[in-house]
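Quick notes on the structure that follows.
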Amino acid sequence: MKSGCNLVLINSENKKLFHKIIFHIFATLSHLFMTPFHFLAENNLSKTTGRVNILNILLNSISALSEREIQEKLEGICDRATIYRTLKLFVRSGIIHPIATEGMVTRYILKKEPEEHVHFKCVDCGSIVCLPEVQIREYPLPSGFSKKEASLLITGICKGCSI
Ligand SMILES: [Zn+2]
Ligand SMILES: [Zn+2]
């Protein structure tokens, strides 16, 4: 009886892991048909090795990445100044958008939605994603205050981890 219970537990854990892997594979596949050249051409930017490398990293990441995480992935390939300049250029061009996360760390993700939307951080897998279907609503501000922009980061368990 006891071993039967244990077996059920192991199976459900394996099933959860399997679903998690499948979910992440599909999320990555959805970006596969986009290339760095598509983003550069669309924004009239010339092809440079640095720009292509950084776009490749962002295209292959489901989660938003910090400048430091991008630097680590491009260690010995791209210098820090190039990465800094390129991220600023991509934000100005609207290719990526910054997400303010905990500890004032800014992470970057490919821009898909022009509207202000909610971001979500999974406390299980650590990924930070856009929720374009959840728009940030207007909050009434006290008189004398005017809004420039709003950001909202919700933490919890993502779809892939809650299966
Ligand atoms: Zn997760
Ligand atoms: Zn976003």
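Given the criteria of a type in the set (A, V, I, L, M, F, W, C), within 30 Å of N14 (Cβ to Cβ), within 16 Å of ligand 1 (Cβ to nearest atom) and crowded, with 18+ Cβ neighbours inside 10 Å, does L131 qualify?
no
Among K121, K111, K159, which is closer than 18 Å to S63 by Cα and touching a His at 6+ places or on another chain (Cβ under 8 Å)?
Testing whether each residue is closer than 18 Å to S63 by Cα and touching a His at 6+ places or on another chain (Cβ under 8 Å) leaves just K111.
Looking at V118, V123, which one is closer than 25 Å to S162 by Cα, near ligand 2 (Cβ under 9 Å from one of its atoms) and in contact (Cβ under 8 Å) with a residue 12 or more places away in the chain?
Matching residue, one of V118, V123: V118.
Which one of the conditions (1) within 16 Å of ligand 2 (Cβ to nearest atom); (2) part of a loop (DSSP other than H, G, I, E, B) does Y108 fail to meet, given that it meets all the rest?
So the condition that Y108 fails would be (2).
List the pairs whose first member sits in the range 149-160 and is closer than 9 Å to C122 by Cα, whose second member is surrounded by 12 or more Cβ atoms within 10 Å (Cβ to Cβ) and among the β-branched types (V, I, T), and whose Cβ atoms are under 9 Å apart, counting only residues at least 6 apart or on separate chains?
I154/V118; I154/V134; C158/V129
Can you name the number of the only condition in (1) in contact with a strand residue (DSSP E or B) (Cβ under 8 Å, 6 or more places away or on another chain); (2) modelled with pLDDT of 95 or more that C130 fails?
Result: C130 fails condition (2) only.
Give G103, G94 a once-over and let me know the one that is of a type in the set (G, A, S) and farther than 23 Å from N43 by Cβ.
After applying the criteria, what remains is G103.
Looking at L59 and the list (1) at pLDDT below 95; (2) loosely packed, with under 14 Cβ neighbours inside 10 Å; (3) away from ligand 1 (no atom under 16 Å from the Cβ), which single condition is not satisfied?
(2)
The values are calculated or read from the model by the stated rules, or taken from the named source; none is laboratory data. Since the model is a prediction, treat every value here as computed from it, not as a measurement. For neighbour counting, all protein chains shown are included, and Cβ atoms are generated from backbone atoms with ideal geometry for every residue, glycine included.
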